Amino acid sequence: MGWGIVAWLIYPVPIDLDRFQGLAQWSASILILWIGVRRWIAVSEISFLEISKAAWLGSVTLSVFVILEFVLANTAGMYLSDIFPFSIDKFPEADVFMAGIARPRGFAAEAGFSAMVFEALIPLALFYLGQASGPSRLIYGGLCFVALVLLYSTTFFLAAALTVALLQMIRMNYRKIAGALAVGMILAYIIAGNSTFFFNASGYKIFEFFDALNYSAAQGSRQEALAAAFSLLKGHPFGIGWGTVLQEAKTYGTPIDEMIGGTGLISLWLELAIATGIIGLLVFGTFVWKLLLGLARSTSREAHCCFLALGMLTIHHIGVYEVWFPMFWFILGLSQLVLKEERIIRHQNAIALSEV
């Protein structure tokens, strides 16, 4: 955190309110959503099973409302935001599928944001479902599957596939899994380019991302933000401080405004890299990677549930900034508690064996 403030001096522009806003967003997320919530869980002694039950209930509730919204949007032109005033902001027009079929978005401005809630809740709910009956699992799986298909977040399905593959690579034969993953991605690329349905649904996103020649032509897009981030990182490898991108992107005529057209970098990881530099990105990235390794190599189901959630959210945040979303930070803290509890149990077992 401290280096992101020191880095303000590296990029000598006026320190306005936007810089402090960026600092406040990151500080609140880390201190409250990560450290604060982690401490609260530890002190209150809430069990993982109780958290899993809450995740099950949350994901079922969200699934029902997403399905309901799909029906309302395509029959009456109404969305959940029209019924429940859960935001004072005016939401953008909802996306549509082919033939003008309206796409639900849940209790969020975009469908992808609701998908991120599922990324946190469904893996945690799996622990509770392990104790549930067969019919209960089928009903839960059916509800969530239908809701996710209707949301149609390409990144969710991609993140889920990559996370499951990564878990298997760490725990099993990484060469076979890596080979299968590579073949699968090549096939997906070919299908997306040769199928009108898949291209219109999500394939265009793949080609847009890899179309590096048009980075400067697509104003406000993720590929433009990626190109801007690399340019800034090359020129300022030690970072430019919290909120600087937000401030300069809103200031007409600045170099950053000309690079990204008044938008942000649309990525938590890119914002972190530009704010704290290569060192900051490597430090935090290494921390998350080691946490993922610990979860994957664990023998507990709790750890594997956390791995799936943390892996998917980590990948999804490559294309989503919204640092104030609680899901990533909550799972980060919960994962630490799960591994800490496992270390305590191992230590206690070792002591017990030594006394025999």
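The values are calculated or read from the model by the stated rules, or taken from the named source; none is laboratory data. Values in this document were obtained by computation on a predicted structure and should not be read as measured data. Note: ideal-geometry Cβ built from the backbone for every residue, glycine included; neighbour counts use all protein chains shown. The area values use the complete protein model at the heavy-atom level, side chains included, leaving out ligands, DNA and RNA. Shrake-Rupley method; radii C 1.70, N 1.55, O 1.52, S 1.80 Å.
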With every protein chain in place, the range 34-76: carbon and sulfur % of accessible area (1.4 Å): 70 percent
Amide proton proximity set for Ser267, modelled H, under 5 Å, gap of 5+: Tyr321
Ranking by accessible area, most exposed first, for Phe113, Phe84 with a 1.4 Å probe: Phe84, Phe113
Heavy-atom accessible area per residue - the range 2-56, 1.4 Å, Å²: 59 Å²
Förster radius 25 Å - calculated FRET efficiency between Val43 and Asn349, Cβ distance, rounded to 0.05: 0.50
Cα pair distances exceeding 17 angstrom across the range 111-154, given as percent: 33 percent
Gain upon complete extension [Ser300, Phe238; 0.36 nm per residue less C-alpha separation]: 18.4 nm
Residue order for Ile344, Ile266 - accessible surface, 1.4 angstrom probe, largest first: Ile344, Ile266
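Just the number please: accessible area per residue for the range 276-356, 1.4 Å probe, all protein chains included, in Å².
On a per-residue basis, the range 276-356 sits at 49 Å².
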Debye intensity ratio I(q)/I(0), log10, the range 37-82, q values 0.19, 0.25, 0.33 Å⁻¹ (C-alpha model): -0.66, -0.84, -1.06
Summed side-chain charge close to Ser300 - residues other than Ser300 whose Cβ falls under 14 Å, Lys, Arg +1, Asp, Glu -1: +3
Surface share of carbon and sulfur [accessible, 1.4 angstrom probe, percent] for the range 267-344: 71 percent
